[in-house]
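This report refers to the structure that appears directly beneath it.
Since every read-out is calculated from the coordinates, none of them should be taken as a lab result. The structure displayed is predicted, hence computed values, not measured ones. So basically every Cβ, Gly included, is an ideal-geometry build from the backbone, and we count neighbours across all protein chains shown.
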Amino acid sequence: MPEWLLEVMLPSVVFGGLLIMWITIPAPEGESDFASRLRDRFRK
Amino acid sequence: MFATADRKRLLVGLVLLIIIMGMFLAFNRLPKIGIVGEDLDAVSSPGRQCFQGFCIDRDPGTSFITRWVKFSISYLRLVTVGMTFAFITAGLAEAFLFSKSVGRGLPTAGMFRRTVQGAAAGGMMNLCSACIVPVSSAFHRRASIEGAVAMVQGSTTLNIPALAMVFFVFSPVLGFSRLIFAIVGALIIGPIVVMSVRRDRVQPVEIPDTFKDPADLLGWRQVLLPAFRQWAKSSIGYAIRLSPIMILAGFASGLVIQWLSPEVVATYLGNDVQGVLIAATFGVLINVPLLFEIPLVALLLLLGMGTAPAATLLFAAAAGGPVTFWGLARLMPRKAIATFATATWAVGAAGGLLVLLGGAYFWEDAGLSDRVAKAAGTPTVEELFVASTGDPVDPADYPGVFDGIPTSDEFAPFRNVAPLIGTDALIENRYPGVAIFDFDRDGDLDFYVTSAETNAVFQITRGGPNRLFRNEGDGRFIDVAAIAGVTADTQNSTAVAACDFDNDGYQDLYVGAQGRIGDNLDYRSAAQDLELAVVVQDRLFHNNGDGTFTDITATAFAEHVNIRSTASVACGDVDNDGWTDIYVGNRADQDFVRFDTSRHHGNYNTLFSNNGVDDNGDLTFSDMTEEAGLVSPPIRMRDTDGNPITFSGPGGEPIEGFDISFVDANGNVVGDPAGQTWATMFFDHDSDGDLDLWIADDGDRLKVYRNDSTAAGLAFTSIEEQLDIDQMGQWMGFALGDYDGDGDLDVFVTNMGFQPLARPWNGVPSADCVYYHASESGTCFHALIENRVNEGADPDRRGAWQIVTGSTEVEPSAVLPPTSLTGEFKAADDGPISGLEAYEFGFGTVFFDMDNDADQDLYWLGSLASRGEGPNGNLAPGIGRMLQNTGSGGFRDVTVEAQLVDSLGVDYSILDTDDPDFSAAKQRLGIEFHENGKGVAVGDLNGDGAVDVIATNSNGETFDAGGDPIVVGGPLFVWMNSSNDNNWISFRLTGRMAIDGSGSNADAIGTRIMVTHIGPNGTPITQVREVLASSSFLSMSSTELNFGLGDASRVDVAIEWPSGVETNLNDVDLNRLHDLVEPAG
């Protein structure tokens, strides 16, 4: 595996995981943001 | 205990923080220390000094844009991990640690307390100034501006790894100054920023202690799930907002750093107020990854930056930069950002000025620690050293060496007896020279070796004791330099010549010196500083004839003493008045040597005419360079079209290859419009009875001066162009000998060799090998120059001297063939390489008859950078080559068989490559195992008729057993020639001046001897030699002349003395040294 790919993997995995967490966990009541809108779209 | 939601979040946040920081340390911080270490190694390497693409010896094939992009990408790759951790840590802080209600009660803590909290928290984070911004943004919510700014300061300048490395790498002055700057900066910059915006400062959120958050009634899950969501949201938000600007800033920083060059550093970052102010400005204009300010400053120190600007930059580069300021601009007013930048600049500048002030009274201008220089004589090298001849070493082990003629083989291996001298045979000098002469006139040859400070930047030691090894006649050589008074230990000694200047029968010593490495001062500055002048001035030691010498430099040269970084000393009586004159070949101060630009000039050379001994008994010399027409001509520097590349002179006039705007740390112009001379040689090339002068310059044309002096005065005429041998090259050493046996003297000149042809040219007309070859402006191949005068050529016209390097066949070694012949090497221009061109780099070189078979064999050695096993050891490597003359115009490489490989610890026990037990790697038989070859000289040390070889190697970097870089002394090789049973005859000549003050100079320099005998096929052979007293490269061979005779049983000898007197001797006794005195004319 090229070295640059390894270097790209860390931020990709970290921020990918954070994005999933952001989308998966429901937003507090009354709060709307990018993740909550995306979550609502998936639920429909 | 965890009754409130804040406390629940705080607990989980701390646990997560510990986990994240632990991972960060394990995967990023600790490995990064290694990366910094690698950069430091590169920085401290003498050959190639780089910091992330910023190199002293820039990669010749890369353009500015390429280097910029490469640097910027390297920067971004280095900070990517840190940034990632920074963003998630910032999100964590915002979601778990510093949520609004956590701050309840804190605002009453006061400005100082918030500042200290910020600095302490930042120190634990140890993120770079750009990386800490997101975290400090979150922290700002709780601790206001002063806390956020202090956190940035603490993280970048007060973190433990950085402080530890600073003390490890730099001198105590820089270590303590960095610590003090960091503390001061962390404590005052934040409050200053706050005070600057007192009216419109952002107030911390004040929450009364009585505040009750409804969330406190919630359970763990209900508290933590939103916190985790907030963590993700905040972290991604930070990444989206800050990443683009960080990428842009990375390229911007790369651009700033690429503008730096050694000239810029020398000009603008000297140890003065201007240097400090510029360093402070530069520091706040760049962002560097955490810890990388250390190799950057180390590199700049090596490039000539002063201690005070180094202290400033060490702080300012780490403390902040454009990305930092931009990031913080989101949470504080622009005025606060301006104050932050200004305060950072001011702390760095003020601190630097204090260091500058202190330097004037309390400490010397020394930047780096002495961690490298202390490693001389490490076990690894000593073991190798001893192993090179066996341990223990005893003369009894080598009866063949000390007891005359040992074998009937064609030749027996040379034996290195230097370990008999012990560890003293390890030399501390970048440019060690050796002279072989009989200083005490006891009949056997002694030798003198020069030493110097090893690297002034690392350790200012000033000079080093030179050594005079007295031949005890029993195989031992004892250092008597101290007794003799010739240690010259305040001097940076280089080249040496041993000549009898006052015609008293005892050879005196002229010892050259070089400028200090790392002081960024050229010779004009040295002349103005008496303390420095004693380090860099040449010296003349008069031989008292009783085993001692007297330093007569002051009376002999007065104000004309040479201080221009001597690399070569040649003795010769150029006006045939019986008094030996001196020609000093000067190079350039090491701090200003560059070959990848159009500007690589050196210093003027000097001809010292010997006035003889005056009525006071003082020997004096006059500088007759100008009168003799020997003022060095401008260095030749041509563009790709062959037109001169010029710079503006003082009056705006064009000067080829010389830039007067290039100044040293004191503002004095660097160098002269002259080439960098490595070697000089006097010999009578046109056989007209006077000494002509040949000059080998580094990065200039080969130069030949015909001696046209008359009774009216000295006069030399440059004739290299009319001889058509004015090839550009990186010429480094001369050897003189009749290699083709036609009765005239041929010349061999060492050069870079083929290896640099593999590196692409950087596009700048310069002394670059690929440029030379592609533009046909010069060559990097050695030059074997055949003298065709005896074939009828006019000695002063084209055709008299023919460069025959490529057409001279060499039978390669089966064990150590050059890589140009093994398919491992490919030239960038794919040009042809043939014959003697196929061989490697060379410095010192000499012709001598290694096997006494009546022809001239050729030896050279040399390597450009460090030891082969050290950093950059593969930069133009060389292992020494002993080429045995085949008698038919070619050579055979017998380096391995003769055991003359310039490497320690070589195992010669198995030389059959088909033998299953043969292992080149285990036996250290490879180009990668070379030492740092420099000087070479020959002489029959033990009087057995077989010419012995002494070689010097400069100190250089290698790695110790633990893999740490160390600088080790360069081994001295004293290779005793075991020879064979061929007949021989040797001569020691004494000019009449030593007897009665008439006739030729005492050393008989310039005397030519023709020895005629019958060869193996019944035809007469005439061998010719001329007494030379020139340093081919830093060194001088014995003035005794040695002739191998094969199986000849009768020889006739004709001697032509410089005075014109001739001596003819018939049927001279063989196998002995003849001590001949010039007859009265």
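What the table shows:
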| read-out | value |
| --- | --- |
| Rounded FRET efficiency, nearest 0.05, which uses the C-beta distance separating B:Ser661 from B:Ile240 and R0 of 41 Å | 0.30 |
| Prolate/oblate/rounded label for the range B:646-748 (Cα gyration tensor, a/c 1.5) | prolate |
| ³J(HN,Hα) computed for each position of the range B:606-621 - Karplus, 6.51 cos²θ - 1.76 cosθ + 1.60, integer Hz, glycine/proline x | 9, 9, 9, 8, 7, 7, x, 8, 7, 5, 7, x, 8, 8, 10, 10 |
| Extended-chain gain in nm, criterion 0.36 nm per residue less alpha-carbon gap, B:Arg441 and B:Asn643 | 67.3 nm |
| Förster radius 30 Å - calculated FRET efficiency between B:Ile995 and B:Arg797 (Cβ-Cβ, nearest 0.05) | 0.15 |
| B:Ser63-B:Gln528 pseudo-label distance in nm [points 7 Å out on the Cα-to-Cβ vector] | 4.1 |
| Ranked by how many other beta carbons lie within 10 Å on average, peptides B:890-898, B:149-157, B:524-532, B:703-711 from highest | B:149-157, B:890-898, B:703-711, B:524-532 |
| Label-point separation in nm, B:Thr1022 to B:Asn1066, each point 7 Å along Cα→Cβ | 1.6 |
| Computed label-point distance, nm, for sites A:Ile20 and A:Arg37 using a 7 Å Cα→Cβ extension | 2.4 |
| Protection-proxy order for peptides B:544-555, B:937-948, B:589-600, each taking the mean of Cβ atoms within 10 Å per residue, highest first | B:937-948, B:589-600, B:544-555 |
| Residues whose placed amide H lies under 5 Å from that of B:Ser1030, excluding near-sequence neighbours | B:Cys571, B:Ser1037 |
| Volume of the Cα convex hull of the range B:470-548, divided per residue and given in Å³ | 117 |
| Kirkwood hydrodynamic radius (C-alpha pairs) into Stokes-Einstein, chain A, 4 °C and 1.567 mPa s, D in µm²/s | 108 |
| Over the range B:445-589, equivalent-ellipsoid semi-axes from the Cα gyration tensor in Å | 25, 20, 12 |
| Loop-located GluC sites (Glu not before Pro) in the range B:540-641 whose Cβ has at most 12 other Cβ within 10 Å (DSSP) | B:Glu626 |
| Out-of-range pairs (alpha-carbon distance over 29 Å; input B:Lys8/B:Lys233; B:Lys826/B:Lys934; B:Lys70/B:Lys826; B:Lys70/B:Lys233; B:Lys70/B:Lys934) | B:Lys70/B:Lys233; B:Lys70/B:Lys934 |
| Per-residue average of Cβ from other chains inside 10 Å of A:33-39 | 2 |
| Gain in span if fully extended, B:Ala558 to B:Val764, counting 0.36 nm per residue against the direct Cα distance | 70.0 nm |
| Cβ-defined net charge surrounding B:Arg798, 10 Å radius [Lys, Arg +1; Asp, Glu -1] | -3 |
| Shielding of A:16-28 by partner chains, average beta-carbon count, 10 Å | 5 |
| For chain A, calculated [θ]222 nm from helices alone, where every DSSP H run of n ≥ 4 adds -39500 (n - 2.57) | -24000 deg cm²/dmol |
| Reach of B:Lys922 by Cα under 19 Å, taken over aspartates and glutamates that are not fewer than 8 positions away in the same chain | B:Glu382, B:Glu383, B:Asp391, B:Glu869, B:Glu897, B:Asp902, B:Asp907, B:Asp912, B:Asp914, B:Glu931, B:Asp960 |
| Relative packing of peptides B:275-288, B:486-499 - highest average C-beta neighbours within 10 Å first | B:486-499, B:275-288 |
| Cα-based shape type of the range B:851-1001, given that a ≥ b ≥ c are square roots of the gyration tensor eigenvalues and the cut on a/c is 1.5 | oblate |
| Calculated diffusion of the range B:546-694, Stokes-Einstein form, Kirkwood radius summed over Cα pairs, 20 °C and 1.002 mPa s, µm²/s | 124 |
| Karplus-derived HN-Hα couplings along the range B:1043-1056 (A = 6.51, B = -1.76, C = 1.60, θ = phi - 60°), whole Hz, x at Gly and Pro | 10, x, 10, x, 9, 4, 10, 9, 9, 10, 10, 10, 10, 10 |
| Anisotropy class of the range B:1024-1081 from Cα gyration tensor, a/c 1.5 cut | oblate |
